Every structure is written in structure tokens, then in C-alpha cells.
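Undergrad: This is the structure I have questions about; it appears just below.
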Protein chains: 2
Amino acid sequence: MSQAAQANNVLYAQAGGVTAVINASAAAVIETVQQNSHVFGKIYAAINGIKGVLEEDLVDLSEIDNALIEQLKYQPGAAFKACRFDLDPLEHNPAQYERVLAVFKAYQIGYFFYNGGNGSMVTAQKVSDYCRARGHQVICVGVAKTIDNDIALSHCSPGFGSAVKYLATSFIEATIDIRSMHETSTKFFVMEAMGRNAGWLSLAAGLVKQIVPDAPLLLLPAETPFNRDAFLQRLSDLVEQYGYCVCMVSEGLQNENGDYLNITAIEHTVEQDYTQLGGVGEIIAKIAADHLNCKTHCAIPDYLQRSASHCVSQTDWEMAYGAGKASVMAALRGEHGTLPVVIKTSDTPFAWDFQTVNLQEVANLELRVPDEFICCNGMDISQAGIDYLLPLVQGERSSPFVNGLPAITPINFQLTERVLPKYIAFK
Amino acid sequence: MSQAAQANNVLYAQAGGVTAVINASAAAVIETVQQNSHVFGKIYAAINGIKGVLEEDLVDLSEIDNALIEQLKYQPGAAFKACRFDLDPLEHNPAQYERVLAVFKAYQIGYFFYNGGNGSMVTAQKVSDYCRARGHQVICVGVAKTIDNDIALSHCSPGFGSAVKYLATSFIEATIDIRSMHETSTKFFVMEAMGRNAGWLSLAAGLVKQIVPDAPLLLLPAETPFNRDAFLQRLSDLVEQYGYCVCMVSEGLQNENGDYLNITAIEHTVEQDYTQLGGVGEIIAKIAADHLNCKTHCAIPDYLQRSASHCVSQTDWEMAYGAGKASVMAALRGEHGTLPVVIKTSDTPFAWDFQTVNLQEVANLELRVPDEFICCNGMDISQAGIDYLLPLVQGERSSPFVNGLPAITPINFQLTERVLPKYIAFK
């Protein structure tokens, strides 16, 4: 132990939207902690991320069954429940931070691993800063995860490769479908990718060129402001030349004024502090239908792209497992306040490793698609873009099927008995 | 040969929306014809269904490579292109029929296999009636295919089982996702299934109960008229009890007046002779969001459910292959004007066979979900419904992956040189 007085129990939690492989990171954290029992004490997981810490909803994983760890390696969703919840700014709600510290002290948490994206890294940073300022020497390390691929400084994000594999596979199959039907049916097909303001996931459609080299692809990544005239021109050109057009659009597509092309979603009356995206595909399909006067179709995979454990990339799975392991190793080295990110160590063959960066360097940043990955007025993918994506989808590690359906079993953990007074949230 | 003067060449064509396994039927027709070369002469395929017959867009498959037949067995889309095109009524356009007869005579077509759904069977019937009335003794047999599962007299339709497997797999994965996120995020998730006026595909969601027995499922099959109050009541009950609700809705959901809940689609200005469906999921999500004042999400797999060669049911694949083979065998027995349909021969173990029925008996009929397969005011699946679906998704026969992507190669057939004058369509 780096400090004689340091608590040595471990807390792991999940936050933000899930990926198809987030639980592989959980398995890696658990196994790597087990392998280093000379340093680490008990291992706990919070249920529902930092919210579970506040509410003392904890699970003791110290005696976890090996079969359950193996199950985690194929399990979609967030096995420990992932929260869409952030701590308030310290000055607005010091009681929240006091509560986290109380829980950390009560469970002698000396290591905190927070598995999430950019936003979650801010939370991790705030928690650990507070604990340290109050004399509780917790080592806090992030575990990278997001299908959006927008974590700064990381070659790619664990979770992204599987979402790309799912989206590319689906888009390829749909392209072969439309290619065979367009002469008397649908001439324009659009699929909508998630990713908020980053267009990484929309690039997945570009992999169709590996299968259908002359696919008439029209990309609308979030990075390219939507210009109706330019869109219609490229659409007309492709349909004239090939008879059909296949399109992938980012849910976060904005027009040249910076407004989302997403009227129905914005009109949702739900109280929430962000604009819910989703639905731009239908708008693009309508614009194309009106212009071409033809049948169009729109697919919105929505959550399917982040939970498709039946279509997981082996490479991505290894990155997710590696992210969990690298975080524990960073903690062992005492690298508090860091996040292991993926770095590429070789192009041919593609090889990668983890390198820790400071949480501050990545927290709340949003990595967007670079110009060199797109071309044709931002409406197509470049060879550099394809070269970037292809290594990330290599290999298959899909969940097995039993009795015709994915061999998934819901996991229900037994919460530890609470030792603190019930948490009452003040707003 | 049953008749000395009968032409003995074969014509195969595909029509209507594709399935993930339609090309397995094509492979079966080709292989079964090859195995019976003492009866059959050359084998042709029309490109674009009956439209390809009119335009003399034919492919000679007599010397087809075995590797290409094997490729057909995994190929999504319609390898021979499938048309959304029907012949006009004979009295309106006799020239069309005359043209078909001219092509059949020119290529000595004695056997016509039309691979499609209900609508396509009408076309097959009309063509063969006309040819026979004009003294050309063609034997016409349908090859059943549709993801919609609405072919009358058939236990199920080849293509349906794979679409169910895809939808159920996706719905299960999404349910595990929402189950793990709902406490601070989405509480209502809806997925939209195809199937037009038949709710068969929406039932696929019911298989989630095999994995998550207490899944708070809300089904909106096309057979249950949408009652807003009943929907909101069940929604509230499920969310109150379980904290979330997962829903599958048929694209063809209608309200109690028989109107589609599908405003955007109906507003499409495209000239076409039917209402394009798709988009009801967004409407249901909006109704739920307004009622619960919570975050909702909607997935619309659209064409992905009919082209997912990466998620094929082995049982369904065998039915699709069997449908092609059974049609050729029916032709060998001289059963003109028939369609082999699937009959169940045993419950335990599930066993099935084909039996021919007259095309007239099934043409243009629409088989809908029987009452006993749904329950809870038509908003849930019954055990009988689950028992019906489960055998159809057994086994996996997915396309292999190479270099991280589905091992699909677009097929481009070489058309035969035309021997007739160019076809000029009159309307």
C-alpha cells in the first residue's frame, strides 16, 4: 500500500448509457482486483452509479461466483445498473458530497472505479477531489466506455467497435435488400445512428463499401451542417447513377444555424435538462420522398445499437476488458485522478495498449470526427475513415444462443445491509 | 413428361418484400430441378419478378456454379431482384398477358415457380390461367415467402421465423438494457414491427418472457384496435409495479375507427396505390411520454428485420429451403395452380411438412393473429402464442463473418441475350 493509513476496499460503479460490452469491463475490474488481493480488500459495486453510493445501495462482490463473472462477459445492459445522474456542483449541494464521503468511510473505500463516458469522468473527479480535500485518501480511476466514441485523447472508446459492427452489419444487409428491390420499390433508405453531437457512429455505414464497393452512400454525420440543397443534389446524382441511395444520418444532425433537425423530439414536453434526440431519420426520409417522389424507408435502431450482445466485436470486447484491467493497474501504481485511454501502437498489424491521462484532460470534452475521415462535402467517408473503423470491428464474440434465443439471464444482486442512516436527497 | 407436347424449361422469379431466407428457396428450386434433369430442361430466373418476364430480363441458370448456389443459401435481399409490381387485370391490359405468353413460348417455359406472398400468388394464378387458356400447358406452382406470416392455410410462412428471431433477440437485449437504466433514465421503450395489417411480427416481443419472466410487456398488435385509455391504464399499471414498460407495436395499428395511427406516413405525397406504414412507434412513444412525463425511446428496425442474414433461424431456413423443394416436387406431380404450405405434423417434438393447396384458396387472403394468441385486452401474448412462436426460432444459421463484416458478396447475373422485340409497356 502506498500509504499506511489508506483504506483498501474497492468500489466499482457504472454510469451513463450502456454499451454491449460494459460488463466485460466490470468483469475485468473484479478479476484484476482478485488477482491483487495483497493490495485490495473487499470489492463492492454500487447499484445505479453514484446515485447508489448516495443511497448506500451496494453489493459485496468479494465472494462473487466465477460463473457470474463469466456471465458478465456476455451480458448486455448494465449489470450494476447505470445512472443518468450527476452530482450537483459542490457549492450548491455540499451535503451530497458529505454523504459520498460518509459512505466511502463506512465501507473503507480506498479505490473508486467509475465506468462511464465524459460526463461520468467529471463526477469521478469531483468525488475524489472532495474526499482527498477532507483527508480520505481515495484513489479514483475512470474506466472508459461509450458507444459515442467521443472520449478525448483515446484512439477509440470501448463500446464503440461493437456498435459499429452492429450498425455496419445492419446497414450492409439493408443495402443488399434495397439494391435488389429499388427498381420497383424503395429508392431511398435512411438509417439513424446515435452519438449525440459526434458523428462517429454514422461512419459505420461507410463499411458497406467493403462489401458493395459501388454502394451509393450518402452520409450525414453530425459534423456536417445540413445543407438541404447540397443533400438533394447528391441524392439526385446517386439515384440517377445507381437507381437508389442508402443514407446514414447522425441523430444530432444540425442545420447551418445550429438547430437540431428534430422537431418532434424537441417538442417532447418532458422535464429534462437536455434535448432528447432521435427521429431525424424520418425527417430526412420525408425530404427525400418529396424530392424524388418515390417510396422511402427509415430505420431507427435506437437502443439496439448499444445493447446488441449478439453482434459484438472481439476487438472491442478486448478493449472493454482491457479498460477495466488497465484502470485497476493504474490504481495499483497510485495514479489517482486518471483514465486509461486506448492508444494505437501499430498500424499493421493493428495493435493497441492503454495509457493513463489525467481525468481533467478528458472530462466534459467531446471528441468529434476529424475532417480527414469524411469527404464529398462531408457527405461520404474517406479511405482514412474506413481504415480507422475496420480494425475496431474485427472478430466476433457474440452471446451464445440457447433454445433459439440469446443465452442471457437477468442478474439480480443482493444488496448489502445498510449501516448508515437513510439518505434524504435535498434539491 | 406428363404431356408429350409440354415445354420443359423452368422459370423461377421472386416478388414482394424480401425475407432473410428467400434465396434459400431459390437454391432449393435450382437444386431440385437439377436433381430431376430427366424431366426438366433448362432453368431460367427472371430478374425483377414478373416485370422481368415482360421485359425479357432473364438469366440462364442451367450451368450455375455450385459455389453460387451455396452463396444463395446465406444471401440476404432478393438475389434475382423482387418486384413490387403486379399485372393489370386481364380485361384492362390483355397485351401484358400476351407478352408473358410470348416469352414463355420463346423460352419453352413449361414450369413457372413464383416465390412470393399472397399478392404474388394472384399474379402467378393469372399468368398460368391465361397461358393454359391459350393452349400453352404451363405448370405453375407458388413458393411461399413472407415475413408477415399472413399466408392462409399455412402453419407459418417461410421467412417469418427469422424475422421473429431477429425481433425477439433485439427486444430481449433492449429489455435488459432498459431494465438496467430505467431508474434514472428511459421508463418506456417501444419497438415497431412490420407486418401491415397482421400483428404476427409484433408477437415476437412475447419471447422476452423466456428470458425475463416478469418483463413488463405491453403488446399492441394490429389485431387489437388502439384504445388510448386502455393503453394508458396498462402502461401506468406496469410502470407502477415494475418501474418501466417495454412495448412492441404493429406498424399497422389502427384506432377504433379503423384509421392508421400513422399521420406522417399517410401525409407522404408519393404517388402510390397503398398507404405506406411506419412511424407509429414514435406516436406511441409520444403518448407515453406525455402521460408519464418521463423519458421514452423508440426503435424502428424497419428493413433490418427482413434482411438480417446475421440472425437467421435454422428452422426457418429449413422451411424456406423446403418450400422451394416442395414446389418443384408438386410440379413433378403435375399439381398445377398450387402452393405448398407448411403443416405441423407433431407438437412434441415440433415437426412439419408441406402440403399443397390451390392457389385460389390463399391468393389475396390475409391470415391474422387468432384471439387465443393474445390476452389482457389484446395487449399481451398468451402461453399459446409463445408455444406457437418458440419452435420457429430454433437453431442458428447465420451468415459467416469475414474481416469483421458479414461475408456477403453482391450477386450480378449475366442476362441472356434477348430474342424478342423490346417490350413497350402501355398503361
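The values are calculated or read from the model by the stated rules, or taken from the named source; none is laboratory data. This is a predicted model, so every value here is computed, not measured. Note that each Cβ is placed from the backbone with ideal geometry, even for glycine, and that neighbours are counted across all protein chains shown. SASA here: full protein model, heavy atoms, side chains in, ligands and nucleic acids out. Shrake-Rupley method; radii C 1.70, N 1.55, O 1.52, S 1.80 Å.
Undergrad: Determine if the range A:397-407 includes at least one residue that is open to solvent by 50 Å² or more (accessible area, probe 1.4 Å), modelled with pLDDT under 95 and not acidic (Asp, Glu).
TA: yes
Undergrad: Further question on the same structure: Exactly one condition in (1) within 12 Å of another protein chain (Cβ to nearest Cβ); (2) out of contact with any Pro (no Cβ under 6 Å at 6 or more places or on another chain); (3) part of a helix (DSSP H, G or I) is false for A:ILE176; which is it?
TA: So A:ILE176 meets the others, but not (2).
Undergrad: Hey, does the range B:93-116 have a residue that's in a strand (DSSP E or B), small (Gly, Ala, Ser) and at pLDDT 95 or above?
TA: First, pick out the residues of the range B:93-116 that are in a strand (DSSP E or B): B:109-116.
In the following step, the residues that additionally are small (Gly, Ala, Ser) were identified as B:110, B:116.
After this cut, where a residue has to be at pLDDT 95 or above as well, the list is B:110.
Yes, some residue in the range B:93-116 is in a strand (DSSP E or B), small (Gly, Ala, Ser) and at pLDDT 95 or above.
Residue by residue, here is whether (1) within 14 Å of another protein chain (Cβ to nearest Cβ); (2) touching a Leu at 6+ places or on another chain (Cβ under 8 Å); (3) assigned to a loop (DSSP other than H, G, I, E, B) holds:
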site: B:VAL10; (1), (2), (3): no, no, no
site: B:PHE40; (1), (2), (3): no, no, yes
site: B:VAL53; (1), (2), (3): yes, yes, no
site: B:GLU56; (1), (2), (3): no, yes, yes
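Undergrad: Please go through the range B:307-331 and pick out each residue that is open to solvent by 10 Å² or more (accessible area, probe 1.4 Å) and more than 7 Å from chain A (Cβ to nearest Cβ).
TA: Of everything in the range B:307-331, those that are open to solvent by 10 Å² or more (accessible area, probe 1.4 Å) and more than 7 Å from chain A (Cβ to nearest Cβ) turn out to be B:GLN314, B:THR315, B:TRP317, B:GLU318, B:TYR321, B:GLY322, B:LYS325, B:ALA326, B:MET329.
Undergrad: Of the residues in the range A:121-141, how many are in a helix (DSSP H, G or I), of a type in the set (Gly, Ala, Ser) and open to solvent by 10 Å² or more (accessible area, probe 1.4 Å)?
TA: So the count comes out to 1.
Undergrad: Go through (1) surrounded by 21 or more Cβ atoms within 10 Å (Cβ to Cβ); (2) in contact with a Ser or Thr (Cβ under 8 Å, 6 or more places away or on another chain); (3) under 28 Å from A:GLU251 (Cβ atoms) one by one and return the number of the condition B:LEU292 breaks.
TA: With (1) surrounded by 21 or more Cβ atoms within 10 Å (Cβ to Cβ); (2) in contact with a Ser or Thr (Cβ under 8 Å, 6 or more places away or on another chain); (3) under 28 Å from A:GLU251 (Cβ atoms) applied to B:LEU292, the lone miss is (1).
Undergrad: Further question on the same structure: So is A:GLY195 out of contact with any helix residue (DSSP H, G or I) (no Cβ under 6 Å at 6 or more places or on another chain) and buried (at least 24 other Cβ atoms within 10 Å of the Cβ) or not?
TA: no
Undergrad: In this structure, does B:LYS105 turn out to be within 14 Å of chain A (Cβ to nearest Cβ), touching a residue at least 12 places away in the same chain (Cβ under 8 Å), over 27 Å from A:ILE211 (Cα atoms) and open to solvent by 30 Å² or more (accessible area, probe 1.4 Å)?
TA: Answer is no for this residue.
Undergrad: Are any of the residues in the range A:382-393 in a loop (DSSP other than H, G, I, E, B) and over 22 Å from A:CYS247 (Cβ atoms)?
TA: no
Undergrad: Now for a separate question. Look at the range B:75-92 and say how many of its residues are at pLDDT 95 or above, open to solvent by 10 Å² or more (accessible area, probe 1.4 Å) and under 22 Å from B:LEU420 (Cα atoms).
TA: Counting residues in the range B:75-92 that are at pLDDT 95 or above, open to solvent by 10 Å² or more (accessible area, probe 1.4 Å) and under 22 Å from B:LEU420 (Cα atoms) gives 1.
Undergrad: Out of (1) assigned to a loop (DSSP other than H, G, I, E, B); (2) over 19 Å from the mean Cα position of the chain (by Cα); (3) within 13 Å of another protein chain (Cβ to nearest Cβ), what's the single condition that is false for B:GLY334?
TA: (3)
Undergrad: Considering B:GLY110, B:GLY116, B:GLY52, which residue is open to solvent by less than 60 Å² (accessible area, probe 1.4 Å) and more than 24 Å from B:ARG418 (Cα to Cα)?
TA: Of the residues listed, the single one that is open to solvent by less than 60 Å² (accessible area, probe 1.4 Å) and more than 24 Å from B:ARG418 (Cα to Cα) is B:GLY116.
Listed here are the residues, each with its yes/no results for (1) of a type in the set (S, T, N, Q); (2) within 14 Å of chain B (Cβ to nearest Cβ); (3) in contact with a Lys or Arg (Cβ under 7 Å, 6 or more places away or on another chain); (4) crowded, with 22+ Cβ neighbours inside 10 Å.
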position: A:ASN48; (1), (2), (3), (4): yes, yes, yes, yes
position: A:ASP60; (1), (2), (3), (4): no, no, yes, no
position: A:LEU68; (1), (2), (3), (4): no, no, no, no
position: A:LYS73; (1), (2), (3), (4): no, no, no, no
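Undergrad: Here's a follow-up. Against the definition (part of a strand (DSSP E or B) and open to solvent by less than 10 Å² (accessible area, probe 1.4 Å)), how does A:VAL342 come out, yes or no?
TA: When the stated conditions are applied, A:VAL342 passes them.
Undergrad: Also: With the range B:213-302 as the region, which helices (runs of 4 or more DSSP H) entirely inside it contain at least 3 residues that are at pLDDT 95 or above?
TA: Because the criterion is at least 3 residues that are at pLDDT 95 or above, the helices (runs of 4 or more DSSP H) in the range B:213-302 that meet it are B:228-242, B:280-292.
Undergrad: What's the number of the only condition in (1) among the aliphatic types (A, V, I, L, M); (2) in contact (Cβ under 8 Å) with a residue 60 or more places away in the chain; (3) buried (at least 24 other Cβ atoms within 10 Å of the Cβ) that A:ALA152 fails to meet?
TA: (3)
Undergrad: In this structure, does B:SER180 turn out to be touching a helix residue (DSSP H, G or I) at 6+ places or on another chain (Cβ under 9 Å), under 28 Å from B:HIS310 (Cα atoms) and either among the polar types (S, T, N, Q) or surrounded by fewer than 24 Cβ atoms within 10 Å (Cβ to Cβ) (or both)?
TA: Considered against the rule, which asks whether it is touching a helix residue (DSSP H, G or I) at 6+ places or on another chain (Cβ under 9 Å), under 28 Å from B:HIS310 (Cα atoms) and either among the polar types (S, T, N, Q) or surrounded by fewer than 24 Cβ atoms within 10 Å (Cβ to Cβ) (or both), B:SER180 comes out as no.
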